[in-house]
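A short write-up of the structure that comes next.
The values are calculated or read from the model by the stated rules, or taken from the named source; none is laboratory data. Because the structure is a prediction, the values reported are computed rather than measured. Here the Cβ positions follow ideal geometry from the backbone for every residue, glycine too, while neighbour counts run over all protein chains shown.
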Protein chains: 2
Amino acid sequence: MLGRDYSGQNCSVARTLEIVGERWTLLILRDAFLGTTRFERFGRTLGVAPNILAKRLDTLVGAGIMERRPYQAHPPRHEYLLTERGRGLFPVIAALLRWGDAHVSPDGAPVRAVHAGCGGGLTERARCDRCGRDLGPEDVEWHWGPGSGRPEGPIRAGAAAGPAR
Amino acid sequence: MLGRDYSGQNCSVARTLEIVGERWTLLILRDAFLGTTRFERFGRTLGVAPNILAKRLDTLVGAGIMERRPYQAHPPRHEYLLTERGRGLFPVIAALLRWGDAHVSPDGAPVRAVHAGCGGGLTERARCDRCGRDLGPEDVEWHWGPGSGRPEGPIRAGAAAGPAR
C-alpha cells in the first residue's frame, strides 16, 4: 500500500493507485488478463522475487481484485483468478498497452489483443476497432505481434506476455 | 525509471510503466489533466518533496509527455504542459479514476469529469455516458463530486483534485 504517501489525497485515482500502483502489481494484472493463474508462472514471467510476488498477490486478494483458489490438495496448491472487480481494471491495462504500442514500441506491438470472432483490434479505450464493441478480458484472444520477434499467431493460454529472455 | 527491473519485459505495458509507473507520476499527470501547470502547485497539491517532484517532471519532459515552457523572465519561471503524446494518456487516468469511483470511494466520486456543453459523465473507457463521444482532456470540465465534502460545482482552473487537508 502507498497509503503513507497518498493517503492525504481524497481522489479516486490515488485510492486506486494505493492498491495497484506498487511496482509489479500492474504487470501481475497484465499477466492475469493474459491467462496466468499460478504463482510459479507469474514468478517466471515477471522475474520477480517470490516474497515480493507473494506480497503483491496478497494485496490484490485483500482488495477483492483476485481470489485464491485451491487447485491441488497434495501438496496444497492455489491459483489466483481475477474477480469481477478485478476484471473492471481491464480498461487501465488496455490504455497502458495501447499507449506503449503507439509510443514506445518502435518494432511494433509485441502482443496484440484480437476481438475473438471478429478479428478487430483493441483500442486505447478498450473497444474493438472493427465492430466498435466495448471489450472485456473475456472478449479478446492474445496474439504475438510484430514486435515480439516470434511468428505471429495466438499465444497459448497462460503463456503470458513474457519476454523471450 | 524502473528499467532495471522491467527491462527484461518485451511488453508495451511494462515500457509505459517504465515512464509513468514511478510513485507520484500518475498523480502528477492527474493534476496536469486537471489544469495544473506550475511546479509550486504540483508540489502543494501532492505534498511531495521538491526533489522528487523535480525528478518526476524531468522524466516526463524527457519522455516527451510534458514540455517545460518559460512563463516569466525575472526571476526565470517555467510551467509544465502536457504534449500531444502526454494527452494520449488520458484514457489511463480515466480508467483509474472511474474504477476508484466505483470501488474505493464509498462517499461517491470526489471529482467528476463532465463533458463540456453536453453535461454527460466520463466513463472508464474515456467516453461520454450521455452522447457516447470519445472524450479527451480538452472535452471535460472538472467538478467537485459528492465525495469531496465541498459544494458541488466547477473546480477553478488549476485547483486540481487536491485534498482538503
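The combined condition, being more than 14 Å from chain A (Cβ to nearest Cβ) and either surrounded by 14 or more Cβ atoms within 10 Å (Cβ to Cβ) or more than 30 Å from A:Arg150 (Cβ to Cβ) (or both), is not fulfilled by B:Glu18.
Within region B:87-123, being charged (D, E, K, R) and either within 7 Å of chain A (Cβ to nearest Cβ) or under 13 Å from B:Arg30 (Cα atoms) (or both) holds for B:Arg87, B:Arg98, B:Asp101, B:Arg112. Evaluate the following for A:Glu124: is it outside the structural domain of A:Leu26 (by TED's automatic domain parsing) and either assigned to a loop (DSSP other than H, G, I, E, B) or farther than 23 Å from B:Gly100 by Cα (or both)? When the stated conditions are applied, A:Glu124 passes them.
Here is a yes/no grid of residues against (1) surrounded by 18 or more Cβ atoms within 10 Å (Cβ to Cβ); (2) within 13 Å of chain A (Cβ to nearest Cβ):
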| position | (1), (2) |
| --- | --- |
| B:Ile28 | yes, yes |
| B:Ala32 | yes, yes |
| B:Glu40 | no, no |
| B:Gly47 | no, yes |
| B:Pro50 | no, no |
| B:Ala54 | no, no |
| B:Arg68 | no, no |
| B:Tyr71 | no, no |
| B:His74 | no, no |
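Looking across region A:127-146, the residues that are away from chain B (no Cβ under 11 Å) and either of a type in the set (A, V, I, L, M, F, W, C) or not in a loop (DSSP other than H, G, I, E, B) (or both) come down to A:Cys128, A:Cys131, A:Pro137, A:Glu138, A:Asp139, A:Val140, A:Glu141, A:Trp142, A:His143, A:Pro146. Just name the residue that is surrounded by the most Cβ atoms within 10 Å (Cβ to Cβ) out of those in region B:76-86 that are more than 7 Å from chain A (Cβ to nearest Cβ) and either among the aliphatic types (A, V, I, L, M) or farther than 14 Å from B:Phe39 by Cα (or both). Taking the candidates together, the pick is B:Gly86.
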